[in-house]
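*Asks:* Can you keep this structure in mind? I'll have questions shortly.
The values are calculated or read from the model by the stated rules, or taken from the named source; none is laboratory data. This is a predicted model, so every value here is computed, not measured. We place every Cβ from the backbone using ideal geometry, glycine too, and count neighbours over all the protein chains shown. Please note that ligands, DNA and RNA were not included when accessible areas were found on the heavy atoms of the full protein model with its side chains. Shrake-Rupley method; radii C 1.70, N 1.55, O 1.52, S 1.80 Å.
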Amino acid sequence: MTLNLDDAKNTAEVLTTALPYIQRFVDKLIVVKYGGNAMTDPELESSFARDIVLLKTVGIHPVVVHGGGPQVDNLLKELGRQSDRIDGMRVTDKSTMDIVEMVLGGSVNKSIVSLINKHGGRAIGLTGKDANLIQAKKLMMEKIGNDGVAVPVDLGFVGDVVSVNKDVINMLIASDFIPVIAPLGVDKEGNTYNINADLVAGKVAEFLQAEKLMLLTNIKGVLGRDGEVVTGLTPKKVDALIEDGTISGGMIPKIQCALDAVRSGVKSAVIVDGRVPHATLLEIFTNEGVGTLISREIDAALSQS
C-alpha cells in the first residue's frame, strides 16, 4: 500500500514539524516522572514506552522516575492491611516499608523496564538504594492544630532527598542505557525510606541540571479559575496563583517540586496530562504541548522587556 496524497502531506508535515525540536533537545537530558493513569492503562503504558524509546533513538537522554501508589494500595488490600495518609503522604511503618520496597523496587520497576525494552530500548532499573543513588533523611512534617499551633507528625519511613549520585546516572546514559528509578532512598544508617516520586524526579533533574522536568499527572495541568489550563508560568506567577488560591490542595506539592527544580537550574518544568496518548512526545515535539509549562526563561524575557 502507498499513502494517498493527503495522508502523505500530513505525515510529512508531522515529521518536519518535529525537526526543530529534535535539534533543540538532541544530547539533552530530560527527567520524566511516570505515574497515575499512564501506569494502569495498557494503551497508555505502551505509548509511554514507545515515546521514551523514540526520544533515546533521536539522541535525547530520558531518565524515568516512577511512582506506584495504586499498586502498593492493591497489595496492602490483598494482605488485609490498611495504610493511612496524612495530607496525601502515606504513613509508612517498617512492615509497610517492606511492602513498598517490594512493589516499587520489584514488580513496578521491572514491569516498566521490560516494556521499554520490548519496544527496542535499553532500560535498566534501579532504586535509590543502588550505589547510594539517593541519599535520604527522615521527612519532618507538621500540621497546624485547631489552636493554631504547629504539631509534629511522624510519618514513619517517609523520606526527603538529601543528594543524588549523578555519576551513576551519567554513567548509564553514557553507556546508552535508559535509567528507570524507583523512588526509594537510604540514609547514613542504612534505613530505607519511601519518597514521593514527584520530589525524587525534581531532585534528580536538579542534580543533573536537566534541560526539562516532566511530571505526568491525572489532570490537564494547572487550571485557572475559568477551568482552562494555565501555561507559560514563571515562578512569580506561580507564587501569586498559590497566594490567591487558584493553585491549592494536592497540586501545591507537585508544582512546588517543579518550581524548586526550575529555581535550581533546570531550564523548564512541565505538568503534563498523562491520560493523553503519547503525551511525552506531544510536549517535547510541539509548540503547544499538553500541560502547564514553568520556565525561568520566561521570567528573564519579562524582566528585559
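*Asks:* Going residue by residue through region 225-233, is there one that turns out to be buried (at least 22 other Cβ atoms within 10 Å of the Cβ), of a type in the set (A, V, I, L, M) and within 28 Å of residue 45 (Cβ to Cβ)?
*Replies:* No, because not a single residue in region 225-233 is buried (at least 22 other Cβ atoms within 10 Å of the Cβ), of a type in the set (A, V, I, L, M) and within 28 Å of residue 45 (Cβ to Cβ).
*Asks:* Scanning region 244-264 for residues that are modelled with pLDDT under 80 and assigned to a helix (DSSP H, G or I), which turns out most open to solvent (accessible area, probe 1.4 Å)?
*Replies:* The extreme case among them is 253.
*Asks:* Here's another thing I want to ask about it. Taking the conditions exactly as written (touching a helix residue (DSSP H, G or I) at 6+ places or on another chain (Cβ under 7 Å) and either crowded, with 20+ Cβ neighbours inside 10 Å or among the acidic types (Asp, Glu) (or both)), does residue 124 satisfy them or not?
*Replies:* Against the criterion (touching a helix residue (DSSP H, G or I) at 6+ places or on another chain (Cβ under 7 Å) and either crowded, with 20+ Cβ neighbours inside 10 Å or among the acidic types (Asp, Glu) (or both)), residue 124 does not qualify.
*Asks:* For residue 196, indicate whether it is at pLDDT 90 or above, more than 22 Å from residue 20 (Cβ to Cβ), open to solvent by 10 Å² or more (accessible area, probe 1.4 Å) and over 19 Å from the mean Cα position of the chain (by Cα).
*Replies:* Considered against the rule, which asks whether it is at pLDDT 90 or above, more than 22 Å from residue 20 (Cβ to Cβ), open to solvent by 10 Å² or more (accessible area, probe 1.4 Å) and over 19 Å from the mean Cα position of the chain (by Cα), residue 196 comes out as no.
*Asks:* Of the residues in region 58-77, how many are free of Cβ contacts under 8 Å to residues at least 60 places away in the same chain and open to solvent by 10 Å² or more (accessible area, probe 1.4 Å)? Even if it seems obvious, please write down each step before you answer.
*Replies:* Step one: list which residues in region 58-77 are free of Cβ contacts under 8 Å to residues at least 60 places away in the same chain, which gives 58-59, 69-77.
Filter once more, so that each one left must be open to solvent by 10 Å² or more (accessible area, probe 1.4 Å): 58-59, 69-71, 73-75, 77.
Residues meeting the conditions: 9.
*Asks:* Taking the residues in region 169-193 that are acidic (Asp, Glu) and within 11 Å of residue 136 (Cα to Cα) as candidates, determine which candidate is surrounded by the fewest Cβ atoms within 10 Å (Cβ to Cβ).
*Replies:* The residue in question is 189.
*Asks:* Which is more than 26 Å from residue 52 (Cα to Cα) and without any contact (Cβ under 8 Å) to a residue 60 or more places away in the chain, of 97, 102, 140?
*Replies:* Step by step, each of 97, 102, 140 is checked, and only 140 is more than 26 Å from residue 52 (Cα to Cα) and without any contact (Cβ under 8 Å) to a residue 60 or more places away in the chain.
*Asks:* For region 17-32, which positions are among the hydrophobic types (A, V, I, L, M, F, W, C), open to solvent by 10 Å² or more (accessible area, probe 1.4 Å) and either assigned to a loop (DSSP other than H, G, I, E, B) or modelled with pLDDT under 95 (or both)? Spell out how you get there, then give the answer.
*Replies:* Residues of region 17-32 that are among the hydrophobic types (A, V, I, L, M, F, W, C), as a first pass: 18-19, 22, 25-26, 29-32.
Add one more test, that the residue is open to solvent by 10 Å² or more (accessible area, probe 1.4 Å), and what stays is 18-19, 22, 26, 29.
If the condition is that a residue be among the hydrophobic types (A, V, I, L, M, F, W, C), open to solvent by 10 Å² or more (accessible area, probe 1.4 Å) and either assigned to a loop (DSSP other than H, G, I, E, B) or modelled with pLDDT under 95 (or both), then 18, 19, 22, 26 are the ones that fit.
*Asks:* Next up: So is residue 119 closer than 24 Å to residue 169 by Cα and within 17 Å of the chain's Cα centre (by Cα) or not? I'd like the intermediate steps shown before the answer.
*Replies:* Working: closer than 24 Å to residue 169 by Cα: yes; within 17 Å of the chain's Cα centre (by Cα): no.
Taking the combined requirement at face value, the residue does not satisfy it.
*Asks:* When region 219-243 is examined, which residues are found to be outside any loop (DSSP other than H, G, I, E, B), touching a helix residue (DSSP H, G or I) at 6+ places or on another chain (Cβ under 7 Å) and of a type in the set (Val, Ile, Thr)? Walk me through it before giving the result.
*Replies:* Looking only at region 219-243, we keep the residues that are outside any loop (DSSP other than H, G, I, E, B), and these are 223, 229, 233, 235-243.
Still in the running and touching a helix residue (DSSP H, G or I) at 6+ places or on another chain (Cβ under 7 Å): 235-236, 238, 242.
Of everything in region 219-243, those that are outside any loop (DSSP other than H, G, I, E, B), touching a helix residue (DSSP H, G or I) at 6+ places or on another chain (Cβ under 7 Å) and of a type in the set (Val, Ile, Thr) turn out to be 238, 242.
*Asks:* Take residue 14 and decide whether it is of a type outside the set (Phe, Trp, Tyr), under 25 Å from residue 220 (Cβ atoms) and modelled with pLDDT under 95.
*Replies:* Considered against the rule, which asks whether it is of a type outside the set (Phe, Trp, Tyr), under 25 Å from residue 220 (Cβ atoms) and modelled with pLDDT under 95, residue 14 comes out as yes.
*Asks:* Would you confirm, using the coordinates I've provided, whether residue 153 is open to solvent by less than 80 Å² (accessible area, probe 1.4 Å), touching a Leu at 6+ places or on another chain (Cβ under 9 Å), touching a residue at least 60 places away in the same chain (Cβ under 8 Å) and at negative phi?
*Replies:* Here the answer is no, as residue 153 does not meet what is asked.
*Asks:* Just checking, does region 33-47 include any residue being buried (at least 21 other Cβ atoms within 10 Å of the Cβ), hydrophobic (A, V, I, L, M, F, W, C) and in contact with a strand residue (DSSP E or B) (Cβ under 8 Å, 6 or more places away or on another chain)?
*Replies:* Yes, because at least one residue in region 33-47 is buried (at least 21 other Cβ atoms within 10 Å of the Cβ), hydrophobic (A, V, I, L, M, F, W, C) and in contact with a strand residue (DSSP E or B) (Cβ under 8 Å, 6 or more places away or on another chain).
*Asks:* Check whether at least one residue in region 78-89 is part of a helix (DSSP H, G or I) and open to solvent by less than 40 Å² (accessible area, probe 1.4 Å), and report yes or no. Reasoning before the result, please.
*Replies:* Step one: filter region 78-89 for residues part of a helix (DSSP H, G or I), giving 78.
Imposing the further condition that a residue be open to solvent by less than 40 Å² (accessible area, probe 1.4 Å) reduces the set to none.
Within region 78-89 (the criterion being part of a helix (DSSP H, G or I) and open to solvent by less than 40 Å² (accessible area, probe 1.4 Å)), the answer is no, since none of the residues qualifies.
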